[in-house]
Amino acid sequence: MTRNTATVPAVGGLSMTWAQQARLFACEAGYEILRTLRTPAFVIPTLAFPVVFYLLFAVLIPGQWGNLHKASYLLATYGVFGVIGPALFGFGVGMAIDREQGLLELKRVSPMPMLAYFFARIAMSLLTAACVVVLLSVAASVFGGVRMDMLQWLRLLLALLLGTLPFCAMGLWIGSLVKGQAAVGIVNLIYLPMSVLSGLWMPLFVFPTLIQKLAAVWPAWHLAQLALGIAGQIQNVNMPLHGAVLLGYTALFLGLALWRMRGR
Amino acid sequence: MSASLPIASLRQVHKRYGAVTALDGMELDLRRGELLAMLGSNGAGKTTALGVLTGRLCADAGEVKLFGADPKDAAVRRRIGVMLQEARLPDTLRVQELVHQFSCYYPQPRPLQETLALAGLSALARRAYGALSGGQQRRVQFALAICGCPELVFVDEPTSGLDVEARRAFWQVIQCLRDAGTSIVLTTHYLEEADALADRVVLIANGRVLAEDTPAGLKARARSARIRCVTQLSLTELLSIPGVQSAEAQGSCRSLRCDDSDQVLRRLLARDPSVSGIEIRPLSLEDAFLTLTGEAA
């Protein structure tokens, strides 16, 4: 029942092999995904919301936007909208609830490295984001007549997946600030206005000039510029600039979150 | 040789939350193979002491050692298991999944079936956590504390909220674990629990260790009682009654502390038949401890 104590040092920690560490990370991510999949109240709205909105605005509501291809344009922006959600909710709300329920405390006194916890949440966000993009792409090609070559689509997918990282960091910060259900309110308070004001629901040119100018403060707008550029809906996009801004936001939110968590 | 060395210790540890002092120069040694009960009322500092020992909280001052190292180091925490006072696990995961997940955190975990059997969960292995009763959920949390085959297990108020039967079942599991050589630290505010399980009991109050004793010594102290009554006898007369340890005036009442309240009451009635308003209460744990430590605090 007990380990032979002769193999255990009197002082200091126990080491784990790389294989054991890898198994720990995989296990943590696997159970995080399993736990979420068994929560339909989270999965279904997260996956369905962007697709339903896309179909409504891109397909059902008629209208022509100059020489833009509406269904392709909105595929890019609803793609951004769809991947931000699971990142913000998964990190912000998920962590806030784990904190409130004491699960995070239990994991912090367990030998689990905190990195494994974050890794699991990022894996979950990426998986959900990939599902959202696939669903949107199917809707776009079947109902919206969107045609994209494989390479272009893969570039869009990659941009959207990497683009979740600043929002994971933002969620982490929110999750470190508030506990439990309060995080739902805060995430919605940021998520929905940011999406509208970054032109994710309707293109920015329908808004007043001031809002168009202010859009540059939102990380979501920068990700949308990348996605629209890849989808060929806007020309001469300064990809490195928007990429750098997103990286900067990631560093900023990560820094704020770590600073906040260290202060405890 | 290592039996005499503490496996964990607190030296002059202080911890404050704003204006509240949770630990005020706490001193504690945990010895290998013993079951130590930390006894104290709510807010005495037990949970904070465990938090500091398990790396969840940072001490403001003082030295905290776990197996000679800093409990903030995850590699050291591979030698311990912790059951917190309050932790809600994901409702949608099954019992065996939760135990497997936590087993992955350890280099040499206990076989899954063995953990489940030890915690009395074999029949519930495939049940979702959210579908379990409160007592069953506590057993899962206990399983997570022991799944890594740790040398030292911390359990914070393991039986609060459990019914008598569940509490006895839990005690049996703790005893099994201890007989297998695991060192255990248990916090409780039930004297009965400390008595049933512990090799050594420390009384914690106001963030400090007030006293320590064996359960037998503790029991002897806890037999004492306090009698309050209205009597015509003076304090000196009361003190002369055999068995009365102390007497004091509380308004019109007199308060007596004694070992055997039945004996003292008979003698009291014999000397003053007009005695009225008699009230007998067992000594509080703190009082009981302080009786023998000579009002140190």
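What follows is calculated from the coordinates using simple rules that are stated; it is not laboratory data. None of the values given here were measured: they were computed from a predicted structure. Neighbour counts run over all protein chains shown; Cβ positions are idealised from the backbone, glycine included.
Numbers at a glance
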read-out	value
Positive-end residue, chain A charge dipole about Cα centroid, Cβ charges, pick of A:SER110, A:GLY163, A:THR39	A:SER110
Least to most buried among B:ILE241, B:ILE184 (fewest other Cβ within 10 Å first)	B:ILE241, B:ILE184
In degrees, nearest ten, helix A:70-88 long axis to first principal axis of chain A (Cα)	20
Where no second cysteine Cβ lies under 4.7 Å, the cysteines concerned in chain A	A:CYS131, A:CYS168
Semi-axis lengths, Å, the stretch B:220-288, gyration tensor of Cα atoms, sqrt of 5 times eigenvalues	18, 12, 11
Fraction of alpha-carbon pairs over 14 Å apart in the stretch A:63-130 - percent	67
Fewest-first sequence of A:SER195, B:SER41, A:SER137 by Cβ atoms within 10 Å of each Cβ	B:SER41, A:SER137, A:SER195
For chain A: relative contact order, % (alpha-carbon pairs under 8 angstrom, 6 or more apart)	26
Lysine pair count for the protein assembly as shown [Cα-Cα under 17 Å; pairs on different chains or 8 or more apart]	6
Residue of B:VAL95, B:VAL155, B:VAL173 that the Gaussian network model of chain B assigns the largest fluctuation, springs spanning Cα pairs under 10 Å	B:VAL173
Nearest-ten-degree value, helix A:18-37 long axis tilted from longest Cα axis of chain A	50
Charge context of B:ARG200, other residues only, Cβ under 9 angstrom, K/R +1, D/E -1	-3
Alpha carbon Rg of chain A, scaled by the compact-globule rule 2.2 N^0.38 Å	1.13
At most 15 other Cβ within 10 Å, DSSP loop - trypsin sites (Lys or Arg not before Pro), the stretch B:77-169	B:ARG126, B:ARG127
Size of the stretch A:1-82 as Cα extents on the principal axes (Å, biggest first)	78, 27, 17
Which of B:CYS258, B:CYS176, A:CYS27 has the fewest Cβ neighbours within 10 Å, and the rest in rising order	B:CYS176, A:CYS27, B:CYS258
The stretch B:85-153 - Debye-derived log10 I(q)/I(0), Cα point model, q = 0.21 Å⁻¹	-0.79
For chain A, calculated [θ]222 nm from helices alone, where every DSSP H run of n ≥ 4 adds -39500 (n - 2.57)	-23000 deg cm²/dmol
Whole-number Å³ per residue for the convex hull built on Cα positions in the stretch A:179-264	115
Within a Gaussian network of chain B (alpha carbon springs, distance under 10 Å), most fluctuating of B:GLY207, B:GLY251, B:GLY62	B:GLY251
Counting DSSP beta bridges with both ends in chain B, the antiparallel % (nearest 5)	65
Ellipticity estimate at 222 nm from DSSP helix runs (n ≥ 4, -39,500 (n - 2.57)) divided over chain B, nearest 500	-9000 deg cm²/dmol
Ellipsoid equivalent to the protein assembly as shown - semi-axes via the Cα gyration tensor, in Å	61, 26, 21
Span per principal axis, largest first, for the Cα atoms of the stretch A:146-195 (Å)	44, 19, 14
The stretch A:1-92: chymotrypsin sites (Phe, Trp or Tyr not before Pro) in DSSP coil with no more than 14 other Cβ atoms inside 10 Å	A:TRP65
Top of B:THR47, B:THR182, B:THR92 by mean-square fluctuation, Gaussian network on chain B, Cα under 10 Å	B:THR92
For the stretch B:1-128, diffusion coefficient by Stokes-Einstein and Kirkwood Rh (Cα), 20 °C, 1.002 mPa s, µm²/s	128
Partner chain coverage, peptide B:85-91 - average Cβ within 10 angstrom	6
Fraction of antiparallel bridges per DSSP, the protein assembly as shown only, in percent to nearest 5	65
Space enclosed by the convex hull of the alpha-carbon atoms of the stretch A:47-179, per residue, Å³	112
Kirkwood-based Rg to Rh ratio, chain B, C-alpha trace	1.07
Test item: B:181-188 mean partner chain Cβ contacts at 10 Å	1
